[in-house]
């Protein structure tokens, strides 16, 4: 009964069962829908994860106005500061929410605003530092009433 | 366009101060329809610049993902008395500006 063929068949089945786990894990760190856009923003440069923190309420009642704070760990000196922060949405019809440009005079790399979110999703922030490196962070928001941005 | 700017009136030299601005604007997404079923065209404040004594300290490029009546809070190092000026414009070509004064001691 235990022919090699049968064993191979079973191992392929087991592989298939495990396969869906992989894209899910990748999506968690780096939503697939945004990978291309992020590559365009960074002009192909690698994005490190860390240093960037996105703060939102875990549960937002109203997607029309979700308070959001993005902060980057940086000394904000002339030699080492944050140049820009780009906010991206995983599910909005226009994924780029906003881009903020700071400089060494900011003193503190933090911006607070209010955003529209079309449903529960991850909000990703990509920061470019003065040395040209990119860092990212994200927050997961549960939206009870979405902003219905695409009128659907 | 009604606008409100909040920042401390006085600060110590080298102090990092909080700057807030809120502008009354619908930030129309372009995805909505009026009562006649006609699409309402997109009209958002697409850019805002803040200058401190003429030097740009903050710039925001915004899209329809920013809520109506956009609010922004950011920081700057108080290094000289003078004015913070804000300039912005929307997709319809309307422009606005506002200024606030700060006195820096020491």
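The numbers here are math on the coordinates, done by the rules we state, and not lab data. All figures in this text were calculated on a predicted structure; none of them were measured in a lab. Please note: Cβ atoms are built from the backbone with ideal geometry, for glycine as well, and neighbour counts cover all protein chains shown.
If I ask for residues that are within 12 Å of another protein chain (Cβ to nearest Cβ), surrounded by 16 or more Cβ atoms within 10 Å (Cβ to Cβ) and under 18 Å from residue B:10 (Cβ atoms), which ones from the range B:58-106 would you list?
Correct list: B:75, B:76, B:77, B:78, B:79, B:84.
Those residues that are under 13 Å from residue B:81 (Cβ atoms) and surrounded by 13 or more Cβ atoms within 10 Å (Cβ to Cβ), I need them from the range B:11-31; list them, please. Walk me through it before giving the result.
Of the range B:11-31, the ones under 13 Å from residue B:81 (Cβ atoms) are B:11-13, B:15, B:17.
Matches in the range B:11-31: B:11, B:15, B:17.
Within the range A:98-107, identify whether any single residue is more than 9 Å from every other protein chain (Cβ to nearest Cβ) and either out of contact with any helix residue (DSSP H, G or I) (no Cβ under 6 Å at 6 or more places or on another chain) or part of a loop (DSSP other than H, G, I, E, B) (or both), and answer yes or no. Quick ask: steps written out before the conclusion?
If we filter the range A:98-107 for residues that are more than 9 Å from every other protein chain (Cβ to nearest Cβ), which is where we start, we get none.
Looking through the range A:98-107, none of the residues is more than 9 Å from every other protein chain (Cβ to nearest Cβ) and either out of contact with any helix residue (DSSP H, G or I) (no Cβ under 6 Å at 6 or more places or on another chain) or part of a loop (DSSP other than H, G, I, E, B) (or both).
May I ask you to list the residues in the range A:87-97 that are facing another protein chain (nearest Cβ under 9 Å) and surrounded by fewer than 23 Cβ atoms within 10 Å (Cβ to Cβ)?
Across the range A:87-97, the qualifying residues are A:93, A:94, A:95, A:96.
Which one is farthest from residue A:101 (Cα to Cα) among residues in the range A:119-138 that are assigned to a strand (DSSP E or B) and touching a helix residue (DSSP H, G or I) at 6+ places or on another chain (Cβ under 9 Å)? Can you show your working first?
The first filter runs over the range A:119-138 and keeps only residues assigned to a strand (DSSP E or B), leaving A:121-129, A:134-138.
Now drop any that are not touching a helix residue (DSSP H, G or I) at 6+ places or on another chain (Cβ under 9 Å), which leaves A:122, A:124, A:126, A:128, A:134, A:136, A:138.
On the way: A:122: 22, A:124: 16, A:126: 12, A:128: 9, A:134: 14, A:136: 15, A:138: 19 Å.
By that ranking, first place goes to A:122.
With the requirement that a residue be in contact with a helix residue (DSSP H, G or I) (Cβ under 9 Å, 6 or more places away or on another chain) and touching a residue at least 24 places away in the same chain (Cβ under 8 Å), what does the range B:29-56 give you?
B:52, the sole residue that qualifies.
Name the one entry in B:8, B:26 that is in a loop (DSSP other than H, G, I, E, B), farther than 19 Å from residue A:64 by Cβ and either without any contact (Cβ under 8 Å) to a residue 12 or more places away in the chain or touching a strand residue (DSSP E or B) at 6+ places or on another chain (Cβ under 8 Å) (or both). Working first, answer last.
Working: B:26 fails: farther than 19 Å from residue A:64 by Cβ.
It is B:8.
Is it true that some residue in the range B:32-44 is crowded, with 21+ Cβ neighbours inside 10 Å, within 14 Å of another protein chain (Cβ to nearest Cβ) and closer than 27 Å to residue A:82 by Cβ? Break it down stepwise before answering.
From the range B:32-44, those crowded, with 21+ Cβ neighbours inside 10 Å are B:44; that's our starting set.
Filter again for within 14 Å of another protein chain (Cβ to nearest Cβ), leaving B:44.
Now restrict to residues that are closer than 27 Å to residue A:82 by Cβ: B:44.
Scanning the range B:32-44 turns up at least one residue that is crowded, with 21+ Cβ neighbours inside 10 Å, within 14 Å of another protein chain (Cβ to nearest Cβ) and closer than 27 Å to residue A:82 by Cβ.
Collect the residues in the range A:61-85 that are within 16 Å of residue A:122 (Cβ to Cβ) and facing chain B (nearest Cβ under 9 Å), keeping them in residue-number order.
Of everything in the range A:61-85, those that are within 16 Å of residue A:122 (Cβ to Cβ) and facing chain B (nearest Cβ under 9 Å) turn out to be A:66, A:69.
Would it be correct to say that residue A:132 is away from chain B (no Cβ under 13 Å) and at positive phi? Lay out the reasoning, then the answer.
On the way: away from chain B (no Cβ under 13 Å): yes; at positive phi: yes.
For residue A:132, the condition - away from chain B (no Cβ under 13 Å) and at positive phi - is met.
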